[in-house]
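The values are calculated or read from the model by the stated rules, or taken from the named source; none is laboratory data. Source: prediction; values computed, not measured. So basically every Cβ, Gly included, is an ideal-geometry build from the backbone, and we count neighbours across all protein chains shown. Accessible surface areas use protein heavy atoms only, side chains included; no ligands, DNA or RNA. Shrake-Rupley method; radii C 1.70, N 1.55, O 1.52, S 1.80 Å.
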Amino acid sequence: MKIDKSLWEPLNTPQYQIEDDKIVIVTTPHTDLWQRTYYHFRNDNAPMLQVKTKEKYFSFVVKTSFEDSKVRFDQCGVVMYLDGENWLKGSIEYENDEYQHLGSVVTNNGYSDWATTEIPSNVKSMWYRLSRREDDFCIENSVDGISWKQMRIAHMNKAINEISFGIYACSPEESSFKAVFTNISLEECKWLPHNGQKPDEE
């Protein structure tokens, strides 16, 4: 199921274009999302396009392409942004001519953490699947949109009812690049209930 393009809401006024089969965001220099941890700075101005939902179980799928990302920290991917101190994102972040970081950031109550793995710098496209089960979330990635690998499971303290989720792209340094988002769909939750150890009794 494709998402009605009229439902996308911009945040931080990105340069963007919404078409029937793709969304394009052109990044602005010195834009990013990060809160406090380790670096001690706070960045909260990354361009985003999101839709709102009260649905508690779903999977959001998108393919990202970023042929001209070339400056350190250029990035694009999926995001679930509630407010400046509560959000998560999954993306590829360019580092240098040899490698870049495939990773995720989870920010609860104003503190971010970052989990990454290094991948070759010549990778210029990636699929993501962001799934919600109430106030828990799973981010997965895929090179072909068929076989998926788990990147992160996270709890979001403020994701109680309605949330906003979607796509983002940013350039923390002196850079600008075009991020292209295609194969966008909203599906039944592909993150199935856990069938192992039973939950603790309350």
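Scan the range 140-152 and give yes if some residue there is of a type in the set (Ser, Thr, Tyr), surrounded by fewer than 22 Cβ atoms within 10 Å (Cβ to Cβ) and under 14 Å from the mean Cα position of the chain (by Cα), otherwise no. Within the range 140-152 (the criterion being of a type in the set (Ser, Thr, Tyr), surrounded by fewer than 22 Cβ atoms within 10 Å (Cβ to Cβ) and under 14 Å from the mean Cα position of the chain (by Cα)), the answer is yes, since at least one residue qualifies. Of all residues in the range 159-202, those being free of Cβ contacts under 8 Å to residues at least 40 places away in the same chain and not basic (Lys, Arg) number 10.
Residue check: is residue 162 in contact with a Gly (Cβ under 8 Å, 6 or more places away or on another chain), under 28 Å from residue 18 (Cα atoms) and open to solvent by 40 Å² or more (accessible area, probe 1.4 Å)? In short, no. Restricting attention to the range 166-201, the residues that are at pLDDT below 95 and under 21 Å from residue 62 (Cβ atoms) add up to 1. The residue pairs whose first member lies in the range 73-92 and is closer than 21 Å to residue 160 by Cα, whose second member is among the charged types (D, E, K, R), and whose beta carbons are closer than 6 Å, counting only pairs six or more residues apart or on different chains, are 79/89; 82/158; 84/44; 86/158.
If a residue counts only when it is open to solvent by less than 20 Å² (accessible area, probe 1.4 Å), which strands (runs of 3 or more DSSP E) contained entirely in the range 1-108 have at least 1 such residues?
22-26, 33-35, 48-53, 57-65, 75-83, 86-94, 99-108
For residue 116, state whether it is hydroxyl-bearing (Ser, Thr, Tyr) and buried (at least 17 other Cβ atoms within 10 Å of the Cβ). So residue 116 does not fit the description; no.
Figure legend. Inter-residue proximity from the range 131-158: first residues under 15 Å from residue 81 (Cα atoms), second residues β-branched (Val, Ile, Thr) and surrounded by fewer than 20 Cβ atoms within 10 Å (Cβ to Cβ), beta-carbon distance below 9 Å, spacing 6+ or different chains. Indicated pairs: 132/53; 135/160; 136/153; 137/153; 138/153; 139/153. Looking at the range 53-71, is at least one residue more than 21 Å from residue 23 (Cβ to Cβ), touching a Ser or Thr at 6+ places or on another chain (Cβ under 7 Å) and without any contact (Cβ under 8 Å) to a residue 40 or more places away in the chain? Among the residues of the range 53-71, not one is more than 21 Å from residue 23 (Cβ to Cβ), touching a Ser or Thr at 6+ places or on another chain (Cβ under 7 Å) and without any contact (Cβ under 8 Å) to a residue 40 or more places away in the chain, which makes the answer no.
Within the range 115-130, the set of residues being free of Cβ contacts under 8 Å to residues at least 24 places away in the same chain and in a strand (DSSP E or B) comprises 116, 117, 118, 120.
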